[in-house]
Amino acid sequence: MMRDQKLWTWHVVAGLVVLVFLGLHMTIMHLDEVIPAASLNPQGGHPIDWANVAARGKTLFFPITYVVLLGAALFHGLYGFRNILFELNPPGALKRVLGWLLALAGLGLFAIGTWAAIAAHRVALLA
Amino acid sequence: MLKTRGFPNRLGIQGWAFGGRWGPERYLYTLHRITGLGLLLYFLLHILLTSSRALGMEAWEQAMGAVTAPIFTFGEYLVFVAFAFHALNGIRLVLVELGVGVGKPIEPVYPYRTSLNVQRPLAICAGIVALVLIVLGTLDFFILD
């Protein structure tokens, strides 16, 4: 299988992972009145109130799924963006530079987001 | 024969936006790209903003307080709408890629029949579910909240 075929397969798989976890995230954040679930916003009030953020952060489920969603969404989004850019037929050298830049940006954001998920878990446990 | 001048994407950016007579699915493709780029831009900023929760309650409340203006709420609503469309259209694309709902291969005998018409019910179903999600989101954003 060629490299881009493999990456495309991962793009589709990552899309399905994003579908599940972003679906959950959107349900918690933006369908909280239509689908109220006490386990998702245990302190009541708005989903982004610190009490709810901390309560979700205390669990293992949310920090782990945040990191999974982060990785899958970054790969899905940045690989999709790379495909769009490559359709403009940049020269081979520019393609390589773009590929590396997007990969580095993705890794950097993954590092920041993962740190945030772990650190927020610790902050929530101490609170 | 069209001259490609060595560029397979002959029309460039124009080729993304205008689908000519390729039918509704071609415009779903354009919308998929637009919503995908919008979601990506939002997501990159979202990672940086929500990382403030790692620094505790004050940092979190300060960060969230900076984005309470109605324009941000409307922006978030657009993100939700983009998500609903991109997710449902994405499911349709995966199903089509797996050969679901595209009909059986037929001999290319005149008068030719496009498989796009066979796929149309799938696109309509995806559109209906996306619309239901958007209606629920609209209720949550502007009426129940």
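Any residue that is more than 8 Å from chain B (Cβ to nearest Cβ) and surrounded by 14 or more Cβ atoms within 10 Å (Cβ to Cβ) - is there at least one of those in the stretch A:31-40? Checked against the condition, which is being more than 8 Å from chain B (Cβ to nearest Cβ) and surrounded by 14 or more Cβ atoms within 10 Å (Cβ to Cβ), the stretch A:31-40 yields at least one hit.
One line per residue, one yes/no per condition, for (1) open to solvent by less than 40 Å² (accessible area, probe 1.4 Å); (2) outside any loop (DSSP other than H, G, I, E, B); (3) within 11 Å of chain A (Cβ to nearest Cβ):
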position	(1), (2), (3)
B:ARG92	yes, yes, no
B:GLU107	no, no, no
B:TYR110	no, no, no
B:ALA123	yes, yes, no
B:VAL129	no, yes, no
B:LEU136	no, yes, yes
B:PHE141	yes, yes, yes
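Could you tell me whether the stretch A:101-121 includes any residue that is of a type in the set (A, V, I, L, M), open to solvent by less than 50 Å² (accessible area, probe 1.4 Å), modelled with pLDDT of 95 or more and closer than 21 Å to A:THR9 by Cβ? Yes: the stretch A:101-121 contains one or more residues that are of a type in the set (A, V, I, L, M), open to solvent by less than 50 Å² (accessible area, probe 1.4 Å), modelled with pLDDT of 95 or more and closer than 21 Å to A:THR9 by Cβ.
Would you say B:TYR77 is touching a residue at least 24 places away in the same chain (Cβ under 8 Å) and in contact with a Phe, Trp or Tyr (Cβ under 7 Å, 6 or more places away or on another chain)? For B:TYR77, the condition - touching a residue at least 24 places away in the same chain (Cβ under 8 Å) and in contact with a Phe, Trp or Tyr (Cβ under 7 Å, 6 or more places away or on another chain) - is met. Collect the residues in the stretch A:61-82 that are out of contact with any Leu (no Cβ under 8 Å at 6 or more places or on another chain), more than 10 Å from chain B (Cβ to nearest Cβ) and in contact (Cβ under 8 Å) with a residue 60 or more places away in the chain, keeping them in residue-number order. Listed by number, the list holds a single entry, A:PHE75.
Look at B:GLN119 and say whether it is more than 10 Å from every other protein chain (Cβ to nearest Cβ), out of contact with any Gly (no Cβ under 9 Å at 6 or more places or on another chain) and on the phi < 0 side of the Ramachandran plot. So B:GLN119 fails the test. When the stretch B:16-57 is limited to residues that are of a type in the set (A, V, I, L, M, F, W, C) and at pLDDT below 90, the one that is nearest to A:ASN83 (Cα to Cα) turns out to be B:TRP16. For the stretch A:41-57, filtering for residues that are surrounded by fewer than 16 Cβ atoms within 10 Å (Cβ to Cβ) and either in contact with a strand residue (DSSP E or B) (Cβ under 6 Å, 6 or more places away or on another chain) or more than 11 Å from every other protein chain (Cβ to nearest Cβ) (or both) leaves 4. Taking (1) loosely packed, with under 14 Cβ neighbours inside 10 Å; (2) part of a helix (DSSP H, G or I) in turn, B:SER52 satisfies each apart from (1).
Filtering the stretch A:105-127 to residues that are in a helix (DSSP H, G or I), within 10 Å of A:ALA54 (Cβ to Cβ) and at the interface with chain B (Cβ under 8 Å from one of its Cβ atoms) leaves A:ALA120, A:VAL123.
The values are calculated or read from the model by the stated rules, or taken from the named source; none is laboratory data. Predicted model only: the values in this text are computed from it and were never measured. Note that each Cβ is placed from the backbone with ideal geometry, even for glycine, and that neighbours are counted across all protein chains shown. Surface accessibility is based on the protein's heavy atoms, side chains included, excluding ligands, DNA and RNA. Shrake-Rupley method; radii C 1.70, N 1.55, O 1.52, S 1.80 Å.
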